[in-house]
Amino acid sequence: MLQPTLTIASYTLLEALRNRLIWLFALAAVAAVGLAGFLDELALTESRQVQAALLAAALRLAAVFLMATFVVTSMVREANDKGLELLLALPMPRAAYLFGKLGGFAVLALLPALLFGGLGLFFAPFAQAALWSLSLLCELWIVAAFSLLCALSFNQVMPALAASGGFYLLARGIGGLQLIGHGRFTSHSAAQRAMSAGIDLIAAVLPGLDGFTRTDWLLYHSGDGAALLALLAQTALYVSLTTAAALFDLYRKSI
């Protein structure tokens, strides 16, 4: 099982290189640096902090968007070209195919994590920039695993991308929704309290991506080992859950 898994992972990486994905990451980095530099000239105070915050936010969104788009389009194109059927017809377990794809996407996520994390060294010490980079890598692993699940489930680009984007935005913003819910609904009607409880339930089953890749680590150097352990635990949990769901979906398909 190991050999076909490594082969599929290597071909997944080769596909990314042939699609010039690394150049897209580099272009995103250059564009983010240019935008941050332009807005830095407009800031009247704390220009360095403004530049770092804008750069970090732009790089994080670019990495997530490009990663999710590549995962979905790669999986859907392979299915439409009957490549998935051909691979699964070979004498290897379906798990080898899935783990190979996940392995290729996981290694691919190292490129933007290292590239964008290197830019963080201009604003923060090595330890804080490394924490930000590792957190971005974990965030991309979660996004890649969920995007792969969506691609297997929907088999179409737009629904899969919409589901992946909705999942990411909800996971990033659920903390704010909880604050709003507890602030507005706790002392009102039963229906409003039930809505607040519903928000808490959704937050309990989603990864807390609002705690990943935090900009204040670069601005105020507030990252520590506890934050690292928390994000590693969440990454292991949610990547495992989404992988299990993708395996179930893949094995139930009649190809």
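The values are calculated or read from the model by the stated rules, or taken from the named source; none is laboratory data. It should be emphasised that the depicted structure is a prediction, and the values quoted were computed from it without experimental measurement. Note: ideal-geometry Cβ built from the backbone for every residue, glycine included; neighbour counts use all protein chains shown. Accessible surface is based on the protein model in full, side chains and every heavy atom, while ligands, DNA and RNA are left aside. Shrake-Rupley method; radii C 1.70, N 1.55, O 1.52, S 1.80 Å.
For Leu218, the test of being free of Cβ contacts under 8 Å to residues at least 60 places away in the same chain, surrounded by 15 or more Cβ atoms within 10 Å (Cβ to Cβ) and in a helix (DSSP H, G or I) is failed. Look at Leu119 and say whether it is in contact (Cβ under 8 Å) with a residue 24 or more places away in the chain and more than 21 Å from Ser10 (Cβ to Cβ). Here the answer is yes, as Leu119 does meet what is asked. For region 19-70, filtered to residues that are under 30 Å from Leu152 (Cβ atoms) and charged (D, E, K, R), the residue that is modelled with the lowest pLDDT is Arg20. Against the test of being at pLDDT below 80 and under 30 Å from Arg252 (Cα atoms), the options Ala194, Ala151, Ala203 yield a single qualifying residue, Ala203. Can you tell me which of Leu131, Leu136, Leu102 is surrounded by 21 or more Cβ atoms within 10 Å (Cβ to Cβ) and within 18 Å of Thr243 (Cα to Cα)? Selected residue: Leu102, the only one of Leu131, Leu136, Leu102 that is surrounded by 21 or more Cβ atoms within 10 Å (Cβ to Cβ) and within 18 Å of Thr243 (Cα to Cα). State all residues of region 50-99 that are open to solvent by less than 70 Å² (accessible area, probe 1.4 Å), over 14 Å from Phe25 (Cα atoms) and of a type in the set (Phe, Trp, Tyr); if no residue qualifies, say none. Scanning region 50-99 gives a single hit, Tyr97. Leu114 meets all of the listed conditions (1) open to solvent by 10 Å² or more (accessible area, probe 1.4 Å); (2) touching a Ser or Thr at 6+ places or on another chain (Cβ under 7 Å); (3) under 27 Å from Gly166 (Cβ atoms); (4) not small (Gly, Ala, Ser) but one, namely (3). Out of all the residues in region 200-213, which are touching a residue at least 24 places away in the same chain (Cβ under 8 Å), open to solvent by 50 Å² or more (accessible area, probe 1.4 Å) and more than 14 Å from the chain's Cα centre (by Cα)? Within region 200-213, Ile202 is the sole residue that qualifies. Of the numbered criteria (1) farther than 17 Å from Ala57 by Cβ; (2) in contact (Cβ under 8 Å) with a residue 60 or more places away in the chain; (3) of a type in the set (Gly, Ala, Ser), the one Ala129 fails is (1).
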